[in-house]
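Trainee: After the structure tokens below, expect a handful of questions from me.
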Amino acid sequence: MRRQVISSWPFVASEAVSYDSAARATNASDNAMDRAELERQLQAFHAASFAWSLACCDRDRNDAEDVLQTVYVKVLDGKARFDGRAAFRTWLFAVIRTTAAAQRRTRWLRMRFLPQRGDGIDERESAERCLIRSERAAALVRGLARLARRQREVLELVFYHDMTIEQAGQTLGISLGSARVHYERGKKRLSALLQEEKR
């Protein structure tokens, strides 16, 4: 049975969490957090974390749930430790990204070296329909999907998660200069793709 991140975690509130309230949660007085504080932080960032996990998993909802579940276990079991050198959200998003990358590598190795029983059902299209509310949003998602991965990640963090370019760079483990280059190139390329769609 597939694990359900959205509803099965006891510390995840059922109501929607705004990015504003999540941002206030980063003002913790101590860098070292006990389990209760970690749970509060994870709950505050749950909505934003799931959106970022979706972005890291090419909008595949099932993969995103698996990644986020794995991240929560890592954080609460102490396998991923917040050291206070960056904002909690920046650190958490970096853990989500590296976990998603590890999952992609594992899947590739399985597909490459293990025999396949048959093609599975691709649920990406239906998940995409749930996320897209308008044709304009659909065009934006298509445009983002055509960008280089690093450009797409920087733009997602800056526009969807209200990060600065510097915070996006920290999340992705790249320098501020590199983050700025990916941001500018991604913005320019995305603008061109959106204009192309209008024709």
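The values are calculated or read from the model by the stated rules, or taken from the named source; none is laboratory data. These figures come from a predicted structure and were not determined experimentally. All Cβ positions, even for glycine, are placed from backbone atoms using ideal geometry, and neighbour counts span all protein chains on display.
Trainee: With respect to ARG97, is the statement that it is over 15 Å from GLU37 (Cα atoms), basic (Lys, Arg) and in contact with a Cys (Cβ under 6 Å, 6 or more places away or on another chain) true?
Mentor: So ARG97 passes the test.
Trainee: Out of all the residues in segment 70-106, which are aliphatic (A, V, I, L, M) and without any contact (Cβ under 8 Å) to a residue 60 or more places away in the chain?
Mentor: Matches in segment 70-106: VAL71, VAL73, VAL75, LEU76, ALA80, LEU92, VAL95, ILE96, ALA100, ALA101, ALA102.
Trainee: Tell me the helices (runs of 4 or more DSSP H) entirely within segment 50-132 that contain at least 1 residues that are modelled with pLDDT of 85 or more, among the polar types (S, T, N, Q) and outside the structural domain of ARG146 (by TED's automatic domain parsing).
Mentor: 61-77, 88-113
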